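To keep things clear, I will list the structure first and then write my remarks on it.
Where a number appears in this text, it was derived from the coordinates with a stated rule and is not lab data. If you're wondering where the values come from, they're calculated on a predicted model, not measured in any experiment. Please note: Cβ atoms are built from the backbone with ideal geometry, for glycine as well, and neighbour counts cover all protein chains shown.
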Amino acid sequence: MSSKKLVNSVAGCADDALAGLVACNPNLQLLQGHRVALRSDLDSLKGRVALLSGGGSGHEPAHAGFIGKGMLTGVIAGAVFTSPAVGSILAAIRAVAQAGTAGTLLIVKNYTGDRLNFGLARERARAEGIPVEMVVIGDDSAFTVLKKAGRRGLCGTVLIHKVAGALAEAGVGLEEIAKRVSEVTKSMGTLGVSLSSCSVPGSKPTFELAADELELGLGIHGEAGVRRVKMATADEIVILMLDHMTNASNVSHVSVQPGSSVVLMVNNLGGLSFLELGIMADAVVRSLEGRGVKIARALVGTFMSALEMPGISLTLLLVDEPLLKLIDAETTAAAWPNVAKMSVTERKRSRAAPMEPKETHDSATAGGVASKQMVLVLEQVCTTLLGLEEHLNALDRAAGDGDCGTTHSRAAQAIQGWLKEGPPPASPAQVLSKLSVLLLEKMGGSSGALYGLFLTAAAQPLKANTDLPAWSRAMDAGLEAMQKYGKAAPGDRTMLDSLWAAGQELQAWKKPGADLLQVLTKAVKSAEATAEATKNMEAGAGRASYISSARLDQPDPGAVAAAAILRAIVEVLQNQGV
């Protein structure tokens, strides 16, 4: 069975793809009757060398993405993974010649079809009196024994586009450009690795890999590599790749040694996630620098793909300052990245974390009566949450990912660890602030953020006063913060429901002569009743809001946990005879 592709037709996909690029880029034009894209400002190149490249489609953004001032003049595209027609290559040469350019350089990847077709077009153009030179790029570092066909042309070709383009823009002559880029090619190597193959539109995957295998040293047309290896970590894969491509016994190696200065390209072969690409890039930089190699420039992205192949290629180009200036030269090519013109190596990559504001300690000493009472409350809360872990997880499986109990257990363990470090501050505001930071860092998930918000806001009214009205205002502030950022409202079947119900009862603390325990006990009962009632509520926020109400026949686990916390607090205070 062939793979699914978003195309109009298999036969027309290369034409449609090139037409789409040109349609969205006013700097490009199509050459009528041919699958050729050229610079729109072709007439401005009079007296300068034109650069033409190309090959099979399926390697996007190569090659048409690198058309622009300072890079390619034009591109001739074949069908997917197929060399372009001689007639189209010749038509492109004629078009740039008739625009008044001072000769044409053909930049060709080392594949038999490309060499033959571009070579034949070159000979026919020369027979017409058009000055044309051709350089064949072979940067593949996969083969330990050089075959007659030579090294394949891979992603390093893009760097040749850049160097040649900078030289042409500077007015360098045709033969000199051809000579200089040919020399540059000798100092370059590329190696690819893939997790699986790609598939040409209308066809099956080009090769099969076991779930625990990688393909090392593969080409950009879905052809198999030089060897298959077992899956490993990103660091291990990078070491394997660099060892292979720099091994002096490998006839196609690149001579990178301690002290060398290189341009690094980390190229997505088309199907690798940005996450993996970043991980691999980090691994390459660390590994190269660990070998004493200076990374003068680093390019990370998709430059020459192999359709949707999930893999990367690494390119290393040995550079000196003159060559770096050509790499750094300005270009308008759409696919060339905005590379910082500075070395990656020996750059400071981190900044010291900001200093936290100094705490203001209140006059009460740590370890006093209030502090000991707070320890008892927190210990009881932790014991309660640890005991509820499995029950809360079971409730959460109906509406979430079944980790509500685990999350609350993680919070309890973090609090227990904190208490072992020493007595908490005597100030309730400081205790709540400390707890908010602890839960944000250790609890995780939405619950951690919500509790963190609640406690941060609740701490503020307690800085000036800790009487009963202040505690009621603290509850109000916490609930307001949860609603503001969590977007839940009472009745939405969340942990807010229990806390809101308790908060309404705690309004009584604002009245003169209010009894602490009497009001708090009533608040806890209201919270527990509301938590039970959430099983009949329509979920309006949180993960449960995506689940059909018909499947939500259990109380919300967050609401149950919040009510249980309040119950633990009142039990300790009752036992202490507050």
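Rounded to the nearest 500, what is the 222 nm mean residue ellipticity of the chain from helices alone, with -39500 (n - 2.57) per DSSP H run of 4+ residues and division by all residues?
So the calculated ellipticity at 222 nm is -14000 deg cm²/dmol.
Could you tell me which label, among (i) 17; (ii) 12; (iii) 42, carries the value of percent of Cα pairs over 47 Å apart calculated for this structure?
(iii)
Taking every DSSP beta bridge that has both residues in the chain, what percent is antiparallel when rounded to the nearest 5? Display every interim value, and only then the final one.
On the way: 26 of 51 bridges.
Around 50 percent antiparallel, to the nearest 5.
Scan the stretch 118-147 for trypsin sites (Lys or Arg not before Pro) in coil per DSSP, keeping those whose Cβ has at most 16 other Cβ atoms within 10 Å, and list them by number.
Within the stretch 118-147, the qualifying trypsin sites (Lys or Arg not before Pro) (loop, at most 16 other Cβ atoms within 10 Å) are LYS147.
Within the stretch 46-76, report the trypsin sites (Lys or Arg not before Pro) that DSSP leaves as loop and that have at most 11 other Cβ atoms within 10 Å. Before the final figure, lay out the partial values.
Numbers: sites: LYS46, ARG48, LYS69; in loops: LYS46, ARG48, LYS69.
Counting only loop positions with at most 11 other Cβ atoms within 10 Å, the trypsin sites (Lys or Arg not before Pro) in the stretch 46-76 are LYS46.
Can you work out the base-10 log of I(q)/I(0) for the stretch 1-56 at q = 0.20, 0.23 1/Å, using the Debye formula on its C-alpha atoms alone?
-0.84, -1.01
Within the stretch 125-207, list the GluC sites (Glu not before Pro) lying in a DSSP loop whose Cβ has at most 12 other Cβ atoms in a 10 Å radius.
For GluC sites (Glu not before Pro) across the stretch 125-207 that sit outside H, G, I, E and B with at most 12 neighbouring Cβ atoms in 10 Å, the list reads GLU128.
Step by step: find N for the stretch 369-576, compute 2.2 N^0.38 Å, then divide the Cα radius of gyration by it. What's the final number?
Values: Rg = 16.1 Å, N = 208, 2.2 N^0.38 = 16.7 Å.
Relative to the rule-of-thumb radius for its length, the stretch 369-576 sits at 0.96.
Quick check for me: using +1 on Lys/Arg Cβ and -1 on Asp/Glu Cβ, what's the dipole size of the chain about its Cα centre, in debye to the nearest 20? Could the numbers behind the result be given before it?
On the way: 55 positive and 56 negative charges, 268 e Å.
Charge dipole, the chain, about its Cα centre: 1280 debye, nearest 20.
At a 10 angstrom cut-off on C-beta neighbours, averaged per residue, how do the peptides 291-304, 219-232, 153-166 rank from highest to lowest?
Per-residue Cβ counts within 10 Å, averaged per peptide and sorted highest first, yield 153-166, 291-304, 219-232.
May I ask which of LYS148/LYS230; LYS162/LYS186; LYS358/LYS434; LYS487/LYS510; LYS109/LYS162; LYS46/LYS69 have a Cα-Cα span longer than 18 Å here?
Working: LYS148/LYS230 30 Å; LYS162/LYS186 16 Å; LYS358/LYS434 13 Å; LYS487/LYS510 27 Å; LYS109/LYS162 15 Å; LYS46/LYS69 13 Å.
Violating the 18 Å limit, Cα to Cα: LYS148/LYS230; LYS487/LYS510.
How large is the translational diffusion coefficient of the stretch 198-352 in µm² per second when you combine the Kirkwood radius over alpha carbon pairs with Stokes-Einstein at 37 °C and 0.692 mPa s?
The estimated diffusion coefficient comes to 195 µm²/s.
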